[in-house]
Amino acid sequence: MNDELLLKISLFGSLLFLVLSIYAYYFITTPIGKISENSIGKTVCVKGDFYLEKVVKSCLIGKIQDKTGKIKIFMCNYTSGFEILKNNKKLENIKICGKIKVYKGDLEIIPIKIYYS
């Protein structure tokens, strides 16, 4: 094989990997029941029903629940989608992507992006 062909194959492989990585990040969801201490610091996407618990100043506390479990959500108003969650006590079939953190011994998601239609 010549260098030009190898370069084209390499570029195609790199682009394919990039596209698949973006797809996996935005479209693959993690069952809430599979989130554990091993998930701390990782970014996950979960899908389920959101329940607003309270709004404190410019932040909110809620939970998202699917058929495998539930997890707390802590979000402040500088995050995209804050107003959607703040103004609804319950939202069905919402997708939240964010980082897993621990607060007072409980796992929670700090949202990065909200998907709701």
Residue in region 21-34 that is farther than 18 Å from Ile110 by Cβ, in contact with a Lys or Arg (Cβ under 9 Å, 6 or more places away or on another chain), hydroxyl-bearing (Ser, Thr, Tyr) and in contact (Cβ under 8 Å) with a residue 12 or more places away in the chain present: no
Residue within region 54-72 that is in contact with a helix residue (DSSP H, G or I) (Cβ under 9 Å, 6 or more places away or on another chain), exposed (fewer than 14 other Cβ atoms within 10 Å of the Cβ) and farther than 25 Å from Gly33 by Cβ present: yes
Residue count, region 1-40 (criterion: acidic (Asp, Glu) and touching a strand residue (DSSP E or B) at 6+ places or on another chain (Cβ under 8 Å)): 1
Single unsatisfied condition, Leu7 versus (1) at pLDDT below 90; (2) within 11 Å of the chain's Cα centre (by Cα): (2)
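The values are calculated or read from the model by the stated rules, or taken from the named source; none is laboratory data. All of these numbers come straight from a predicted model, not from anything done at the bench. When we count neighbours, we look across all protein chains shown, and the Cβ atoms used for this are built from the backbone with ideal geometry, even at glycine.
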